[in-house]
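Written below as C-alpha coordinates is the structure these notes are about.
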Amino acid sequence: MSRPTAAQKRMWGKVFEVGCMACKQEGIFSFPEIHHVKEYGYRDHSKVYGLCPHHHKEVSAVKGIPNRHLAPIEFRELYGTDMELFEKCMKLIKITK
(Lines give C-alpha, C1' and ligand atoms only; values in the text may rest on other atoms or scores of the structure.)
Protein backbone atom coordinates (compact mmCIF):
# COMPACT_ATOMS: atom_id res chain seq x y z
CA MET A 1 0.00 0.00 0.00
CA SER A 2 1.26 3.45 -0.85
CA ARG A 3 1.79 6.17 1.73
CA PRO A 4 -1.08 8.55 2.48
CA THR A 5 -1.07 11.86 0.61
CA ALA A 6 -0.92 15.24 2.37
CA ALA A 7 -4.68 15.67 1.83
CA GLN A 8 -5.38 12.24 3.31
CA LYS A 9 -3.20 13.05 6.33
CA ARG A 10 -5.17 16.29 6.87
CA MET A 11 -8.40 14.29 6.77
CA TRP A 12 -6.90 11.84 9.28
CA GLY A 13 -6.25 14.78 11.60
CA LYS A 14 -9.98 15.51 11.57
CA VAL A 15 -10.70 11.81 12.22
CA PHE A 16 -8.50 12.04 15.33
CA GLU A 17 -10.52 15.06 16.52
CA VAL A 18 -13.79 13.10 16.21
CA GLY A 19 -12.40 10.22 18.30
CA CYS A 20 -13.29 6.54 18.46
CA MET A 21 -16.55 5.97 16.61
CA ALA A 22 -17.51 3.04 18.87
CA CYS A 23 -16.84 4.97 22.11
CA LYS A 24 -18.75 7.94 20.67
CA GLN A 25 -21.86 5.72 20.48
CA GLU A 26 -21.34 4.95 24.17
CA GLY A 27 -21.25 8.68 24.90
CA ILE A 28 -17.53 8.94 25.67
CA PHE A 29 -14.48 10.32 23.88
CA SER A 30 -11.40 8.16 23.32
CA PHE A 31 -8.34 9.03 21.29
CA PRO A 32 -8.41 6.86 18.18
CA GLU A 33 -6.14 4.99 15.89
CA ILE A 34 -6.86 4.95 12.17
CA HIS A 35 -8.93 2.01 10.97
CA HIS A 36 -9.00 1.45 7.20
CA VAL A 37 -12.23 0.34 5.58
CA LYS A 38 -11.45 -2.71 3.49
CA GLU A 39 -13.35 -3.01 0.22
CA TYR A 40 -12.84 -5.78 -2.31
CA GLY A 41 -9.76 -6.88 -0.37
CA TYR A 42 -8.05 -3.46 -0.55
CA ARG A 43 -7.52 -0.70 2.00
CA ASP A 44 -7.90 2.92 0.93
CA HIS A 45 -6.27 5.77 2.87
CA SER A 46 -9.31 7.91 2.03
CA LYS A 47 -11.77 5.53 3.67
CA VAL A 48 -10.86 5.54 7.34
CA TYR A 49 -12.46 6.17 10.70
CA GLY A 50 -11.18 6.22 14.25
CA LEU A 51 -11.20 3.37 16.75
CA CYS A 52 -9.51 3.41 20.15
CA PRO A 53 -6.98 0.62 20.79
CA HIS A 54 -9.52 -1.40 22.84
CA HIS A 55 -12.04 -1.43 20.00
CA HIS A 56 -9.43 -1.80 17.27
CA LYS A 57 -6.38 -3.99 17.90
CA GLU A 58 -6.09 -7.54 19.13
CA VAL A 59 -3.24 -6.71 21.53
CA SER A 60 -5.32 -4.05 23.32
CA ALA A 61 -8.53 -6.06 23.55
CA VAL A 62 -10.37 -5.90 26.87
CA LYS A 63 -12.89 -8.53 27.95
CA GLY A 64 -16.41 -7.21 27.45
CA ILE A 65 -15.45 -4.60 24.85
CA PRO A 66 -16.18 -5.77 21.29
CA ASN A 67 -13.01 -5.58 19.24
CA ARG A 68 -13.20 -4.92 15.48
CA HIS A 69 -10.54 -7.49 14.58
CA LEU A 70 -11.15 -10.17 17.25
CA ALA A 71 -14.95 -10.15 17.27
CA PRO A 72 -16.04 -8.56 13.97
CA ILE A 73 -19.59 -9.92 14.02
CA GLU A 74 -20.31 -8.78 17.58
CA PHE A 75 -18.65 -5.43 16.84
CA ARG A 76 -20.71 -4.94 13.66
CA GLU A 77 -23.98 -5.86 15.42
CA LEU A 78 -23.32 -3.37 18.22
CA TYR A 79 -21.75 -0.44 16.35
CA GLY A 80 -22.44 -0.92 12.62
CA THR A 81 -20.51 -1.90 9.52
CA ASP A 82 -17.22 -0.33 8.48
CA MET A 83 -19.00 1.69 5.79
CA GLU A 84 -21.68 2.90 8.22
CA LEU A 85 -19.05 4.03 10.72
CA PHE A 86 -16.99 5.65 7.96
CA GLU A 87 -20.03 7.57 6.68
CA LYS A 88 -20.96 8.72 10.21
CA CYS A 89 -17.39 9.88 10.75
CA MET A 90 -17.35 11.82 7.48
CA LYS A 91 -20.63 13.56 8.42
CA LEU A 92 -19.11 14.59 11.76
CA ILE A 93 -15.98 15.88 10.04
CA LYS A 94 -18.08 18.03 7.70
CA ILE A 95 -19.92 19.46 10.71
CA THR A 96 -16.67 20.25 12.55
CA LYS A 97 -14.80 21.79 9.56
Env charge @ G50, Cβ radius under 10 Å, K,R +1 / D,E -1, value 0
With a 1.4 Å probe and every protein chain left in place, work out the accessible area per residue of segment 14-97 in Å², rounded to a whole number. 61 Å²
Largest fluctuation, E58, E39, E17 only, Gaussian network model of the chain with Cα springs under 10 angstrom, belongs to E39
What is the percent carbon and sulfur in the accessible area of the chain, measuring with a 1.4 Å probe over the protein chains and ignoring ligands? 56 percent
Output ordering of 47-53, 83-89 (per-residue mean of other Cβ within 10 Å, highest first) is 47-53, 83-89
Could you tell me the relative contact order of the chain? Use alpha-carbon pairs under 8 Å, at least six residues apart, and round to a whole percent. 23 percent
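The values are calculated or read from the model by the stated rules, or taken from the named source; none is laboratory data. In this text the structure is predicted, and so the values were computed from the model without any measurement. Methodologically, a virtual Cβ is constructed for each residue, glycine included, from the backbone with ideal geometry; neighbour enumeration extends over all protein chains shown. The accessibility values were calculated without ligands, DNA or RNA, using every heavy atom of the protein model including side chains. Shrake-Rupley method; radii C 1.70, N 1.55, O 1.52, S 1.80 Å.
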